[in-house]
Amino acid sequence: DIVLTQSPVSLPVTPGEPASISCRSSQSLLYSDGYNYLDWYLQKPGQSPQLLIYLGSHRASGVSDRFSGSGSGTDFTLEISRVEAEDVGVYYCMEGLQTPFTFGGGTKVEIK
Amino acid sequence: EVRLLESGGGLVQPGGSLRLSCSASEFTSGTTGMSWVRQALGKGLEWVSSLSDYGGTHYADSVKGRFTISRDSSKNILYLQMNSLRADDTAVYYCANCRVYGSGWCNYLDDWGLGTLVTVSS
């Protein structure tokens with residue numbers, strides 16, 4: 001099974017400042033079609049998870065352009081260009097390359 | 001936006017059974033499968049099972065042989081039959097739509113339901 005390791009576990013942020021979350025995979029998520037099968041989700045307090053980024057760098061419909069995904073193979077990053085109060089919650093990466101699909105442990109983003 | 005609504009959760013004794021349902025507000029054009037994901041209280045997300053549109057079923061090792069995923073396409077309802085329930089199955093269970101952009105049948109989970117709580121306890 002693929003293991004995803006996120007860091008940091010907790011991320012205090014200042015509004016208006018950038019933030020970055022790392023997700024490392026135990027196996028390459030780069031498939032022969034050129035896509036990286038790594039997605040990012042945000043679970044806001046008391047809510048269901050919501051899709052932010054799919055296939056490594058594709059922003060989901062309706063997601064602010066402050067969010068961007070990058071990386072390839074085994075190392076991926078989610079960046080928030082300017083954090084806003086509404087961005088607080090737990091961020092998860094998930095691999096969609098093979099079952100069993102696996103999630104990272106999560107990164108809790110909170111406002112300082 | 002598709003609305004997914006889970007139901008069927010509740011309190012059950014260890015060894016018991018429950019059947020969860022997930023109904024979609026409309027036919028989900030472009031959906032290539034559906035999945036169940038669970039979250040124990042205060043814990044992270046755990047993929048449980050998926051059903052592809054061509055009928056393939058997939059399970060996490062922790063539920064294989066105990067849970068069965070199925071779908072009534074005529075009613076747009078996804079099911080998760082859970083047997084031999086254990087205390088560590090206690091969680092909020094979410095259903096979600098699979099979408100494809102590249103290869104395969106489930107590249108990412110698009111729409112998510114609100115979840116239904118399953119508590120396994122004596």
Across segment A:65-78, in residue order, what do the Karplus-derived ³J(HN,Hα) couplings come to in whole Hz, using 6.51 cos²θ - 1.76 cosθ + 1.60 with θ = phi - 60° and x for Gly and Pro?
-> 6, 6, 9, 9, x, 8, x, 7, x, 10, 10, 9, 9, 10
Residues whose built amide H sits under 5 Å from the amide H of B:ARG86, excluding neighbours closer than 5 in sequence, are B:GLY15
Under a 5 Å amide H to amide H cut-off, with H placed in plane at 1.01 Å, what residues pair with A:GLN27 once short-range neighbours are removed?
-> A:VAL3
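How high is the relative contact order of segment A:61-112? Use alpha-carbon pairs under 8 Å, at least six apart in sequence, and give a whole percent.
Numbers: 52 pairs, mean separation 13.3, N = 52.
Result for segment A:61-112 is 26 percent.
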Please report how far the C-alpha centroid of segment A:1-48 lies from that of segment B:38-102, rounded to the nearest whole angstrom.
-> 22
Could you give the nm distance between label points at A:ASP1 and B:ARG19, where each point is 7 Å from its Cα heading toward the beta carbon?
-> 2.8
Chymotrypsin sites (Phe, Trp or Tyr not before Pro) restricted to segment B:29-122 and DSSP loop, no more than 10 other C-beta within 10 Å | B:TYR54
So which GluC sites (Glu not before Pro) in segment B:1-80 end up in coil per DSSP with only 12 or fewer other C-beta atoms within 10 Å?
-> B:GLU1, B:GLU26
Expected max-MSF residue from A:GLU84, A:GLU17, A:GLU95 in the GNM of chain A (alpha carbon, under 10 Å) is A:GLU17
What residue among B:ARG71, B:ARG86, B:ARG38 shows peak mean-square fluctuation when chain B is described by a Gaussian network model with Cα springs under 10 Å?
-> B:ARG86
Cβ-derived FRET efficiency at R0 22 Å, B:LYS64 paired with B:ALA40, nearest 0.05 | 0.75
So A:GLN47 and A:GLU84, fully extended at 0.36 nm per residue minus their Cα-Cα distance, gain in nm 11.6 nm
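Which value results for Rg/Rh of segment B:1-110 when Rg is the Cα radius of gyration and Rh the Kirkwood radius based on the inverse mean 1/r? Write out the running numbers ahead of the final one.
Details: Rg = 13.6 Å, Rh = 14.3 Å.
So for segment B:1-110, dividing Rg by the Kirkwood Rh gives 0.95.
Quick note: the coordinates plus some simple rules give every number you see, no bench work behind them. All of these numbers come straight from a predicted model, not from anything done at the bench. A quick note on method: Cβ atoms are made from the backbone with ideal geometry, for glycine too, and the neighbour counts reach across all protein chains shown.
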